[in-house]
Amino acid sequence: MPSWISPHIVSLLHFVAPVAAAAGFGGQWGAGPWYAELSKRDWAPPNLFFGRHEIAFSLVDILALLVTIAAFVIAAWPANQSASLLFIPYLLWVSYASALNASIWIRNAPAV
């Protein structure tokens, strides 16, 4: 993937996610706590990976973020399918980032 595309995708996802979440919050549905949790978790993996170079901890955290996004999509579905579907690209992007993180961790693991 070209290096210039990542910031554009991330910016778009960070615009769409709150809009999608806000679309469902008016209906008082149960996905609110999941959105709050993923908002907190969203900033940790890049800090752990790029800032601290803690690849294993970053992998654990990004997998937790992936589970949280999936839980949000499932919790939002009964009340607002549009909000739920708008999170699918975010889910795919974090899945891709998780695979990259895992690949880097595996390739740099110490020899046993």
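The values are calculated or read from the model by the stated rules, or taken from the named source; none is laboratory data. Note that this is a predicted model, so its numbers are computed, not measured. Every residue, glycine among them, receives a Cβ derived from its backbone with ideal geometry; neighbour counts consider all protein chains shown.
Quick notes
- Residues located in region 83-112, provided they are of a type in the set (Phe, Trp, Tyr) and at pLDDT 85 or above: Tyr90, Trp93, Tyr96, Trp105
- Condition check for Leu38: modelled with pLDDT of 85 or more and either surrounded by 14 or more Cβ atoms within 10 Å (Cβ to Cβ) or assigned to a helix (DSSP H, G or I) (or both): no
- Region 84-112: number of residues that are within 15 Å of Asp42 (Cβ to Cβ) and not in a helix (DSSP H, G or I): 1
- Residues of region 65-83 that turn out to be among the β-branched types (Val, Ile, Thr), over 16 Å from Pro45 (Cβ atoms) and either surrounded by fewer than 17 Cβ atoms within 10 Å (Cβ to Cβ) or out of contact with any helix residue (DSSP H, G or I) (no Cβ under 8 Å at 6 or more places or on another chain) (or both), as a count: 1
- Count of region 45-72 residues which are in a helix (DSSP H, G or I), more than 12 Å from Val94 (Cβ to Cβ) and at pLDDT below 80: 5
- Among residues that are modelled with pLDDT of 70 or more and in contact with a Gly (Cβ under 6 Å, 6 or more places away or on another chain), Asn80 is included.
- Inter-residue pairs, beta-carbon under 9 Å, first within 15 Å of Ser58 (Cβ to Cβ) and in region 80-100, second of a type in the set (Asp, Glu), 6+ apart: Val94/Asp42
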